[in-house]
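Asker: Dropping a structure here in structure tokens format, bear with me for questions.
The values are calculated or read from the model by the stated rules, or taken from the named source; none is laboratory data. Because the structure is predicted, anything quoted here is derived from the model rather than measured. Glycine also receives a Cβ, built like all others from the backbone with ideal geometry; neighbour counts cover every protein chain displayed. Keep in mind that these areas ignore ligands, DNA and RNA; they rest on the heavy atoms of the full protein, side chains included. Shrake-Rupley method; radii C 1.70, N 1.55, O 1.52, S 1.80 Å.
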Amino acid sequence: MADSSQITVTSPLLPPLEEFIPYLKDIWDRKWITNNGHYHQLLEKELCKYLGVEYLSVFTNGTLPLITALQALRITGEVITTPYSFVATTHALWWNGIKPVFVDVDPSTGNLDPGKIEAAITPKTTAIMPVHVYGNPCDVDAIQAIADKYGLKVIYDAAHAFGVRVNGKSILEAGDISTLSFHATKTYNTVEGGALICHDAKTKQRIDYLKNFGFAGETEVVAPGINSKMDEVRAAYGLLSLQYVDAAIAARHRVADRYREALAGVEGLSMFGERADVTYNYSYFPIFIDAEKYGMTRDELYFRMREHGVLGRRYFYPLISDFTTYRGLPSAAPSNLPVATRMANEVICLPMHHDLSEEDVERVIKEIKIHG
Ligand SMILES: *Cc1c(COP(=O)(O)O)cnc(C)c1O
């Protein structure tokens with residue numbers, strides 16, 4: 001149980017319970033609780049509208065759309081990806097028997113550095129799998145240019161990028177496929193859930209077969225599919241929650257502005273810049289601690305904050321490439337990933353959610369400024 005004096009890194013966006021009850025009553029009346037039901041269809045339609053995309057398929061979590069995307073595009077061999085992410089990104093490759101090839105990240109965004117991708121391409125490379133980490137948009141034009149030059153597919157793990165736009169256009173339109181996570185900890189949740197965004201009706205049809213065992217009709221199975229469908233209860237929850245997500249993002253925006261203002265100029269502390277052409281979702285607020293200049297290591301600060309009830313998280317430490325499954329790969333060597341290694345050693349994600357009070361935010365700031 002969370003101690004009430006503790007400030008947690010995240011808190012789930014829960015729609016009002018009394019507003020959810022009528023949805024449940026309706027599901028009970030319909031007696032249709034999963035398999036492309038009423039709310040499943042409605043949620044897909046409403047998410048398309050909200051996100052500004054045309055073809056979207058909802059899933060039971062955010063990992064299965066990644067695994068399914070790789071199946072749908074028949075990706076094999078080697079895939080270039082980032083070590084600076086949540087471990088599910090690389091696990092999705094491993095579950096498909098694909099060898100991950102780690103490439104270093106750009107220090108100004110934390111995203112895959114396009115300038116380092118070409119050197120990692122081999123005859124076995126079939127795709128690039130970048131992540132819009134913290135909701136920072138990747139350099140999608142540079143990545144697409146490389147993909148086009150070498151005939152590679154691009155699958156974005158957009159788990160952090162719900163609602164993010166560049167020049168008013170959804171970042172989810174980039175690449176061949178993008179995936180979202182609607183896990184409880186994310187900006188928008190369906191308890192557990194996720195989605196896959198593609199760009200044509202034929203691919204969406206294939207994805208919809210794949211998420212339901214490959215069934216194309218009562219007796220016809222067209223592919224070795226899996227079961228990753230979203231049920232009606234969570235689809236209805238998601239539909240209701242969607243009405244509250246703009247207010248939640250606005251609340252996060254206020255927290256981010258206050259952090260940014262209060263922490264600017266703290267010696268040894270850096271933050272990402274914000275681009276004027278990007279609509280952010282404020283999903284995370286990472287700070288980076290240069291131990292020498294700050295006068296304390298990241299871990300010293302992290303554990304002191306914890307002692308005082310301010311629970312940040314070290315996203316993303318350790319790097320994916322440092323976990324036992326992957327550390328033996330040649331591309332996992334820290335010498336190949338100097339920027340990601342430094343970021344993983346310096347990062348703390350500050351508490352960031354819709355429910356932080358002004359006092360909470362000031363308490364977090366004070367914790368960090370004791371030293372600054
Ligand atoms: C949360 C997350 C996932 C996994 O999503 P789940 O819904 O938890 O399965 C994948 N990639 C990234 C980058 C994430 O943050």
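Asker: Can you work out ³J(HN,Hα) from phi for every residue in the range 122-127, in order, using Karplus 6.51 cos²θ - 1.76 cosθ + 1.60 and θ = phi - 60°, giving whole Hz and x for Gly and Pro?
Answerer: Ordered by residue, 3J(HN,Hα) equals 10, x, 8, 5, 10, 7 Hz.
Asker: Related question: Kindly provide the pair-distance distribution of the range 14-109 built from C-alpha pairs, with 10 Å bins from 0 and whole-percent values in order of increasing distance.
Answerer: Reading upward from the zero bin: 13, 29, 30, 19, 9, 0.
Asker: By average Cβ neighbour count within 10 Å, what is the ranking of 193-204, 355-366 from highest down?
Answerer: The peptides rank, most packed first, as 193-204, 355-366.
Asker: Add -39500 (n - 2.57) for each DSSP H run of 4 or more in the chain, then divide by its residues: what number comes out at 222 nm, to the nearest 500 deg cm²/dmol?
Answerer: -10500 deg cm²/dmol
Asker: Can you give the FRET efficiency for CYS48 and ALA291, using 1/(1 + (r/R0)^6), R0 = 51 Å, r = Cβ-Cβ distance, to the nearest 0.05?
Answerer: FRET efficiency, CYS48 to ALA291: 0.65.
Asker: Let me ask something else. Mind listing the long-range amide H neighbours of VAL221? Cut-off is under 5 Å, sequence gap 5 or more, other chains count too, H placed in the peptide plane at 1.01 Å from N.
Answerer: ALA216
Asker: Moving to a separate point now. Can you run phi through the Karplus equation (6.51, -1.76, 1.60; θ = phi - 60°) for the range 291-297 and list ³J(HN,Hα) in whole Hz, with x for Gly and Pro?
Answerer: Going residue by residue, I get 3, 5, 7, 7, x, 6, 6 Hz, with x marking Gly and Pro.
Asker: Still on this structure, I have one more. Going 7 Å from the Cα of ALA264 toward and past its Cβ, which residues in the range 145-170 have a backbone nitrogen under 20 Å from where you end up?
Answerer: Backbone N within reach: none found.
Asker: Moving on. Which whole-number percent gives the relative contact order of the chain, counting Cα pairs below 8 Å spaced six or more residues apart?
Answerer: 23 percent
Asker: What residue among TYR294, TYR315, TYR282 has the largest mean-square fluctuation in a Gaussian network model of the chain, using Cα springs under 10 Å?
Answerer: Comparing TYR294, TYR315, TYR282 in a Gaussian network model of the chain, the most mobile one is TYR294.
Asker: When ligands, DNA and RNA are left out and all protein chains stay put, how many square angstrom of accessible area per residue does the chain have with a 1.4 Å probe?
Answerer: 44 Å²
Asker: Just to check I understand the Karplus step: with θ = phi - 60° and J = 6.51 cos²θ - 1.76 cosθ + 1.60, what whole-Hz values come out for the range 59-64, glycine and proline as x?
Answerer: Values, residue by residue: 10, 7, 7, x, 8, 5 Hz.
Asker: Would you mind telling me the share, in percent, of accessible area of the range 11-141 contributed by carbon and sulfur at probe 1.4 angstrom?
Answerer: 58 percent
Asker: Further question on the same structure: Please figure out what share of the DSSP beta bridges in the chain is antiparallel and state it in percent, rounded to the nearest 5.
Answerer: The answer is about 60 percent antiparallel.
Asker: Could you grab the Rg to Rh ratio for the range 214-372? Cα atoms only, Kirkwood for Rh.
Answerer: Rg/Rh for the range 214-372 comes to 1.10.
Asker: If Lys and Arg each add +1 and Asp and Glu each add -1, what is the summed charge of the other residues whose beta carbon sits under 15 Å from the beta carbon of LEU337?
Answerer: Net of charged neighbours comes to -2.
Asker: Next up: Which whole number of Å³ per residue matches the convex hull of the alpha-carbon atoms in the range 299-339?
Answerer: Convex hull of Cα atoms, per residue: 86 Å³.
Asker: Please give, to one decimal in nm, the separation of the simple spin-label points placed at ILE33 and ASN167, each 7 Å out from Cα toward the Cβ.
Answerer: Placing both labels 7 Å beyond Cα along the Cβ direction yields 4.9 nm.
Asker: Taking amide hydrogens as modeled 1.01 Å from N in the peptide plane, which residues meet the under 5 Å criterion relative to LEU112, leaving out close sequence neighbours?
Answerer: ASP106, VAL131
Asker: How much of the pair distance distribution for the chain lies past 28 Å, counting alpha-carbon pairs only, in percent?
Answerer: Summing the P(r) tail past 28 Å for the chain gives 46 percent.
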